[in-house]
1. Suppose the filter is surrounded by 15 or more Cβ atoms within 10 Å (Cβ to Cβ) and out of contact with any strand residue (DSSP E or B) (no Cβ under 8 Å at 6 or more places or on another chain); does residue 94 pass it?
2. Against the conditions (1) assigned to a loop (DSSP other than H, G, I, E, B); (2) out of contact with any helix residue (DSSP H, G or I) (no Cβ under 9 Å at 6 or more places or on another chain); (3) modelled with pLDDT under 75, where does residue 17 fall short? Just the number, please.
3. Select from the range 97-119 the residues that are surrounded by 14 or more Cβ atoms within 10 Å (Cβ to Cβ) and outside any strand (DSSP E or B) and write down the one among them that is modelled with the highest pLDDT.
4. Here's a check for you: in the range 70-91, which residue that is part of a loop (DSSP other than H, G, I, E, B) and under 15 Å from the mean Cα position of the chain (by Cα) is surrounded by the fewest Cβ atoms within 10 Å (Cβ to Cβ)?
């Protein structure tokens, strides 16, 4: 017959083994974020970011950066590396990409400029 001390040790070991065999907790599911914007008036936008927006628009439209007027600018967390302007047939990194969404005017037409925080960007279709 087992003495009480041996029985206690056997029961403790059994409980430890059973708890070690329990399944791990389920993984935490994080839903992808949609773009999160904080509106900043163009006049108060960071100078370097506003200049980068002007340069992106000027390069895309083949005009002088001085002819690009930044009307509105927002800080944005893009849901992926497409910066909100995915191109057909292209694949993009699925990472939250901090950057800017701006509205600029060139020769009476307005355009959306989407950028990452490093100054790389694209023009989305013209607004008018």
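1. On the way: surrounded by 15 or more Cβ atoms within 10 Å (Cβ to Cβ): no; out of contact with any strand residue (DSSP E or B) (no Cβ under 8 Å at 6 or more places or on another chain): yes.
Spelling it out, it is not the case that residue 94 is surrounded by 15 or more Cβ atoms within 10 Å (Cβ to Cβ) and out of contact with any strand residue (DSSP E or B) (no Cβ under 8 Å at 6 or more places or on another chain).
2. For residue 17, the failing item is (1).
3. Here the residue is 117.
4. The extreme case among them is 86.
The values are calculated or read from the model by the stated rules, or taken from the named source; none is laboratory data. Everything quoted here is computed from the prediction, not taken from an experiment. Cβ atoms come from the backbone with ideal geometry, glycine included; neighbour counts cover every protein chain shown.
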